[in-house]
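Student: Quick one: structure below, then a few questions.
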Amino acid sequence: MSGDAFCAQGDVALRLMRAQSSDYQLMAQWLTDERVLEFYEGRDNSFPLERVIEKYSPRVLGAERVVPCFILYRAQPIGYIQYYPVGEIDLHEYGLPAQAHTFGIDLFIGEPEFWNRGIGTRALTLLVAFLCDQRSADLIVIDPETLNTRAIRSYEKSGFRKLKILPRHELHEGEYRDTWLMAISRDEFTHERPTAQRLGGN
């Protein structure tokens, strides 16, 4: 397990993305791979190194509310996961209570050899536990495209439930696509799940 992980369970851990060339280069490797882009950002929207730095360095440096993290498997970075507080405008659009302390999550596994092995599900569960325990989250939401059935199954395994379809919510490969608004509340997050090691962190 990487020593700078902020939570871990078994051989899966999460760490903050760092302001260093190796992290930016890894993101550029993932976000120029058409296999990854098909499901994240779109194959017409690749991110070479310069564009990765432009988009992600403000997040890494804390200038934006989005917190960027890497998914580690056996201490190796294999994917990306981020979380952010959901603002009142989006809560209103989603039909969720404005007073709820709500976070959104996005993620992808950047190394296709690790797809379909349950690692994304485990990473998502880890982050949900962290947000509930360390960030006092009342509700956590995620919004996969309705066509992305693999991601939806993964999120359901982590305890997320479908709330409603958000029509034409995301621009992907030249068209606006419907997404599922999915959520899990603190109360729904069962204590029967394995407890993550709490290592501090952001």
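The values are calculated or read from the model by the stated rules, or taken from the named source; none is laboratory data. All figures in this text were calculated on a predicted structure; none of them were measured in a lab. Please note: Cβ atoms are built from the backbone with ideal geometry, for glycine as well, and neighbour counts cover all protein chains shown. All accessible areas refer to the heavy atoms of the entire protein, side chains included, with ligands and DNA or RNA removed. Shrake-Rupley method; radii C 1.70, N 1.55, O 1.52, S 1.80 Å.
Student: Looking at (1) open to solvent by 40 Å² or more (accessible area, probe 1.4 Å); (2) in contact (Cβ under 8 Å) with a residue 60 or more places away in the chain; (3) among the aliphatic types (A, V, I, L, M), which one does ILE89 not meet, given that it meets all the others?
Tutor: Among (1) open to solvent by 40 Å² or more (accessible area, probe 1.4 Å); (2) in contact (Cβ under 8 Å) with a residue 60 or more places away in the chain; (3) among the aliphatic types (A, V, I, L, M), ILE89 violates only (2).
Student: How many of the residues making up region 174-202 are assigned to a loop (DSSP other than H, G, I, E, B), open to solvent by 50 Å² or more (accessible area, probe 1.4 Å) and either modelled with pLDDT of 95 or more or closer than 29 Å to ALA63 by Cα (or both)?
Tutor: So the answer is 4.
Student: Taking the criterion of being among the polar types (S, T, N, Q) and open to solvent by less than 10 Å² (accessible area, probe 1.4 Å), would at least one residue in region 96-115 satisfy it? Steps first, answer last, please.
Tutor: Going residue by residue through region 96-115, those that are among the polar types (S, T, N, Q) are 99, 102.
Okay, now just the ones that are also open to solvent by less than 10 Å² (accessible area, probe 1.4 Å), so 102.
Checking region 96-115: at least one residue is among the polar types (S, T, N, Q) and open to solvent by less than 10 Å² (accessible area, probe 1.4 Å).
Student: Can you find a residue in region 169-187 that is of a type in the set (Phe, Trp, Tyr) and within 13 Å of the chain's Cα centre (by Cα)?
Tutor: First pass over region 169-187, keeping only residues of a type in the set (Phe, Trp, Tyr): 176, 180.
From the residues that got through so far, the ones that are within 13 Å of the chain's Cα centre (by Cα) too are none.
No, region 169-187 has no match at all.
Student: Now for a different question. Could you please find all residues in region 119-137 being in a helix (DSSP H, G or I) and in contact with a helix residue (DSSP H, G or I) (Cβ under 8 Å, 6 or more places away or on another chain)? Spell out how you get there, then give the answer.
Tutor: Taking region 119-137 first, the residues in a helix (DSSP H, G or I) are 119-134.
Correct list: GLY120, THR121, LEU124.
Student: Another question, then. Can you confirm whether VAL66 is surrounded by fewer than 21 Cβ atoms within 10 Å (Cβ to Cβ) and under 15 Å from the mean Cα position of the chain (by Cα)? Talk me through it step by step, then tell me what you get.
Tutor: Values: surrounded by fewer than 21 Cβ atoms within 10 Å (Cβ to Cβ): yes; under 15 Å from the mean Cα position of the chain (by Cα): yes.
When the stated conditions are applied, VAL66 passes them.
Student: So, in region 46-58, exactly how many residues are within 29 Å of GLY118 (Cβ to Cβ) and open to solvent by 40 Å² or more (accessible area, probe 1.4 Å)?
Tutor: Initially, region 46-58 is screened for residues within 29 Å of GLY118 (Cβ to Cβ), giving 46-47, 52, 55-56.
Of the ones still in play, those that are also open to solvent by 40 Å² or more (accessible area, probe 1.4 Å) are 46, 55.
Result for region 46-58: 2.
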